[in-house]
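Encoded as structure tokens, the structure appears first; notes follow it.
The values are calculated or read from the model by the stated rules, or taken from the named source; none is laboratory data. Just so you know, these numbers come straight off a predicted model, no measurement behind them. Cβ: placed from backbone, ideal geometry, glycine included. Neighbour counts: every protein chain shown.
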Number of protein chains: 4
Amino acid sequence: MHVSYEQAETAITAAITESQKIGVQMCIAIVDSGADLKSFIRMDGAWLGSSDIAIKKAKTACFFGMSTGSIGELSQPGAPLYGIEHSNEGLITFPGGIPIVNNDGILIGAIGVSGSSVEHDHQVAKAAIDVIGLADLPSHPWRT
Amino acid sequence: MHVSYEQAETAITAAITESQKIGVQMCIAIVDSGADLKSFIRMDGAWLGSSDIAIKKAKTACFFGMSTGSIGELSQPGAPLYGIEHSNEGLITFPGGIPIVNNDGILIGAIGVSGSSVEHDHQVAKAAIDVIGLADLPSHPWRT
Amino acid sequence: MHVSYEQAETAITAAITESQKIGVQMCIAIVDSGADLKSFIRMDGAWLGSSDIAIKKAKTACFFGMSTGSIGELSQPGAPLYGIEHSNEGLITFPGGIPIVNNDGILIGAIGVSGSSVEHDHQVAKAAIDVIGLADLPSHPWRT
Amino acid sequence: MHVSYEQAETAITAAITESQKIGVQMCIAIVDSGADLKSFIRMDGAWLGSSDIAIKKAKTACFFGMSTGSIGELSQPGAPLYGIEHSNEGLITFPGGIPIVNNDGILIGAIGVSGSSVEHDHQVAKAAIDVIGLADLPSHPWRT
């Protein structure tokens, strides 16, 4: 089960609206449940380096079915997952990546936003998901 | 000078319309004049492997300011650019990638389309460019 | 919709049986419909370099929903897809990779086999698929 | 001297049994003493991102002949091997990777498990090794 093109476009439009409300320039990426790129945009004036961060945030949230910020808490020095960022060709583990879950509790993809503070990045990602689904996965098993 | 978000969205909408008219499922990528990803979509049902091909076609067309098909004629065995695909982390040199040129003859980006025959890929890319600019660069110098 | 662990193991067991019948040492890889690795084995005595080839064959077959040999016919010098192997971090386009399709005509993954002649590789891959599904996709759209 | 296919399958079966006992969904990778992939499975419902982590844990344990958790103690900020994760195309240095040693004290491969807490990952890896060999290497030299 994958996020559809229509859902992706709806989410990106909501993300841009939220970005403009805050007054920030974002890169926004959506991946399907296989962590494969579905949709991407870089707003005019956004940091060039944010493109890859947005894509990696979306992949990271999909890879583990949780928000990137939650993983980041576990990957600090001395914490259990220290260094996990070296896997999967590079993870991004600070906020801005969130899973996309449908009403049946199935992971259908993830969104990643980068371009401002991590608080803004997360806020924009959340605003995008709110128009198409949920952001929280139930307990395992959640992927068919 | 770079393709704007508004131009990218206009071009992608035209590409999708043309794809639906033909009855094909495409991946469509737009890069700016720095060959950096600006916008991307994978239509529902498109080949998963076409995502990277669409992006590489757009980059290839931007890297050299000419259509990917034109480069492909030069990269055949025995031709002057044989093996050029090994550069730049992988080029795609068959049709479907076209530069985007503004009315002043300046390269502002490129589009790459993948998902059907190379004829269809090129047709959809051309339809997208026609709504926002030109597809042919004047002689050098063409990059600001 | 993805190939299950049980299906993957059943297919790999059949592949090993077929390999032993022929008297060859194979690497066998199965990916799900997101082209993500599901199961892999390298038989004792198999070429070390065949591991990556088996995995890339499975991914290639999944990326485009067709057998790797079919793509290879299109990627020869002068053919429409010449050089496609440079995409997606490296494709393998000679026989031995086949899509796995369920009874509803949905792509659920792919298998890749490497370790002997391409005829043997394809034969073993086909024997593996025959115990769990079909090898031919219907026309588009085939991926949800 | 390398872990055989038969040993790898025996170990993976034990790992799956232990995983099911705990109620977790794991990715399990086995490499031979050349750190080359021998066998891999991703259980249904396992995190997609755990595939690469399991493989990297197995490689890391093999590369240095010690458990990944032991290396992780040395790679913290201020510790002697800080940043070692950047080598070898990415190491994973938290628990879940363990060398496989035969009864003669020879390293014959390694196992990596990822999919739950690091305690569970290590527990499953250890359960797998217990059925085919030892987990501790004698002093150097240990590699033939």
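List of remarks:
- Residue list for segment D:8-48, filter: at the interface with another protein chain (Cβ under 7 Å from one of its Cβ atoms), touching a residue at least 60 places away in the same chain (Cβ under 8 Å) and of a type outside the set (Phe, Trp, Tyr): D:Gln25, D:Lys38, D:Met43
- The number of residues in segment D:113-124 that are polar (S, T, N, Q) and in a strand (DSSP E or B) comes to 1.
- Test: D:Ser51 is within 11 Å of chain A (Cβ to nearest Cβ), in contact with a Lys or Arg (Cβ under 7 Å, 6 or more places away or on another chain) and hydroxyl-bearing (Ser, Thr, Tyr): yes
- Residue among B:Ala127, B:Ala110 that is more than 10 Å from every other protein chain (Cβ to nearest Cβ), under 15 Å from the mean Cα position of the chain (by Cα) and in a helix (DSSP H, G or I): B:Ala127
- Residue count for segment C:70-92, restricted to those that are of a type in the set (Gly, Ala, Ser) and surrounded by fewer than 21 Cβ atoms within 10 Å (Cβ to Cβ): 5
- Members of segment C:42-55 found to be buried (at least 22 other Cβ atoms within 10 Å of the Cβ) and touching a helix residue (DSSP H, G or I) at 6+ places or on another chain (Cβ under 6 Å), listed by number: C:Arg42
- Any hit, segment D:60-74, residues being touching a helix residue (DSSP H, G or I) at 6+ places or on another chain (Cβ under 9 Å), over 12 Å from D:Gly112 (Cα atoms) and among the polar types (S, T, N, Q): yes
- Lone unmet requirement of (1) at pLDDT 95 or above; (2) in contact with a strand residue (DSSP E or B) (Cβ under 6 Å, 6 or more places away or on another chain) for A:Lys21: (2)
- The listed residue being closer than 27 Å to C:Met1 by Cβ, in contact with a Pro (Cβ under 7 Å, 6 or more places away or on another chain) and buried (at least 24 other Cβ atoms within 10 Å of the Cβ), out of A:Ala8, A:Ala58, A:Ala29, A:Ala110: A:Ala110
- Of everything listed in (1) within 11 Å of another protein chain (Cβ to nearest Cβ); (2) surrounded by 19 or more Cβ atoms within 10 Å (Cβ to Cβ); (3) of a type in the set (Ser, Thr, Tyr), the single unmet condition for D:Ser67 is (1).
- Residues of segment C:77-107 classified as part of a loop (DSSP other than H, G, I, E, B) and either over 10 Å from the mean Cα position of the chain (by Cα) or within 14 Å of chain B (Cβ to nearest Cβ) (or both), total: 20
- Within segment B:1-75, helices (runs of 4 or more DSSP H) holding 3 or more residues that are within 15 Å of the chain's Cα centre (by Cα) and of a type in the set (A, V, I, L, M): B:5-22, B:50-64
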